[in-house]
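Only one structure is covered here, and it is reproduced in the block below.
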Amino acid sequence: MFPKLIDLNGFFLPTYGVMVALAFLAGLWSTNKLAQRSGLPTQKIQDLVIYCAITGLAGAKLMMFIFDWEYYVKNPSEMISLSTLRAAGVYQGGFILALVFAYYYMRKHGLPVLKTMDAFAPGIALGHAIGRIGCLAAGCCYGMLCNRSWAIRFTNPDVKEFSNVPMNVPLHPTQIYETIGDLLIFGLLFRLHDPAKRPGGLFSLYLILYSLLRFLVEFFRHHDQLPLFESLPLVHTQWISLATMLFGLWLLLRKDPRTA
């Protein structure tokens, strides 16, 4: 893979960083377009996208620290190291913190919560799909050993600067699995978006579909953490996926379809 998009005598432009920037722009484009279709104030929506991007990055790093707290307690200086800054973090942590902040922001600025989240949902999936291409380039979020014809091998030694992915070993392309899944979710949600429909339906559908996608992909992804329960061999992120899936189902099936 190509973790360094441009390398000029030691100064390099990381592919992951470029893809994150493109992911933000793509998400902003989608959200802007659907916000206009829904009659939402463009400037407030654009501000919210920026704030969510910042809180999302912070939340992703925070959950990464929580998951690996034993390591960071023993090596506190690593929390501010260059490798940590380059690390993607845990997407679900970023999503949850951004969602909490978004709810506060929407209430404070008088935005209809569910209608606004419907406008955001496709852009979240699109941005995540592009971000996963950056993960592939950097070698992070890699899969387990794979004996299928579509297995990938990391051979570029520069990848070691960004992740601990095994070199020259056939692995499941979990980043590609998630990219394809997120693109399909984006296409479906973008097509289904209709401001006249029940508010919250599109966002709840995103929660259900992405949670299912992430739950399944985790079975093929390499994990350093042990399962929380021996009787149920599920990792932390799968439990989070189950929780967000249940929340999405509740939001979709609730009897009180508030328009707030």
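The values are calculated or read from the model by the stated rules, or taken from the named source; none is laboratory data. Treat the numbers as computed from the prediction; the structure is a model and nothing was measured. Neighbour counts are summed over all protein chains in view; Cβ atoms, including those assigned to glycine, are modelled from backbone coordinates with ideal geometry.
Consider the stretch 8-26 and keep the residues that are free of Cβ contacts under 8 Å to residues at least 60 places away in the same chain and touching a strand residue (DSSP E or B) at 6+ places or on another chain (Cβ under 8 Å). The one that is nearest to Cys141 (Cα to Cα) is Leu13. Close contacts from the stretch 158-184, counting a first residue that is closer than 30 Å to Leu207 by Cβ and in contact (Cβ under 8 Å) with a residue 24 or more places away in the chain and a second that is buried (at least 19 other Cβ atoms within 10 Å of the Cβ) and basic (Lys, Arg), with Cβ to Cβ under 7 Å and a gap of 6+ residues or different chains, come to Thr174/Arg221; Gln175/Arg132; Glu178/Arg132; Thr179/Arg132; Asp182/Arg132. Working carefully through the options Val165, Val159, find the one that is in a loop (DSSP other than H, G, I, E, B), at pLDDT below 95 and β-branched (Val, Ile, Thr). Result: Val165 is the single residue among Val165, Val159 that is in a loop (DSSP other than H, G, I, E, B), at pLDDT below 95 and β-branched (Val, Ile, Thr). Here the condition is being aromatic (Phe, Trp, Tyr), closer than 30 Å to Phe247 by Cα and part of a loop (DSSP other than H, G, I, E, B); of Phe203, Phe229, Phe219, it holds for Phe229 alone.
Listed by first and then second residue, the pairs linking a residue in the stretch 27-52 that is surrounded by 15 or more Cβ atoms within 10 Å (Cβ to Cβ) to a residue that is basic (Lys, Arg), with Cβ atoms under 8 Å apart and 6 or more places separating them unless they lie on different chains, are Ser38/Lys115; Leu40/Lys115.
Of the residues contained in the stretch 184-195, none is found to be under 21 Å from Arg132 (Cα atoms), in contact with a Phe, Trp or Tyr (Cβ under 6 Å, 6 or more places away or on another chain) and among the small types (Gly, Ala, Ser). Looking only at the stretch 168-182, which residues are surrounded by 21 or more Cβ atoms within 10 Å (Cβ to Cβ) and part of a loop (DSSP other than H, G, I, E, B)? Within the stretch 168-182, just His172 meets the criteria. If we keep just the residues of the stretch 124-156 that are out of contact with any Cys (no Cβ under 9 Å at 6 or more places or on another chain) and in a strand (DSSP E or B), which is surrounded by the fewest Cβ atoms within 10 Å (Cβ to Cβ)? Taking the candidates together, the pick is Leu145.
Quick one: how many residues across the stretch 23-61 are farther than 22 Å from Cys135 by Cα, of a type in the set (A, V, I, L, M) and under 16 Å from the mean Cα position of the chain (by Cα)? If you could, list the steps in order and put the result at the bottom.
Of all residues in the stretch 23-61, those farther than 22 Å from Cys135 by Cα come to 31-48, 51.
In the following step, the residues that additionally are of a type in the set (A, V, I, L, M) were identified as 34-35, 40, 45, 48.
Filter once more, keeping what is under 16 Å from the mean Cα position of the chain (by Cα): none.
Count: 0.
Checked against the criterion of being crowded, with 18+ Cβ neighbours inside 10 Å and of a type outside the set (A, V, I, L, M, F, W, C), the candidates Pro195, Pro199 yield just one match: Pro199. Selection over the stretch 217-260 of residues that are in contact with a His (Cβ under 8 Å, 6 or more places away or on another chain) and at pLDDT 85 or above gives a count of 3.
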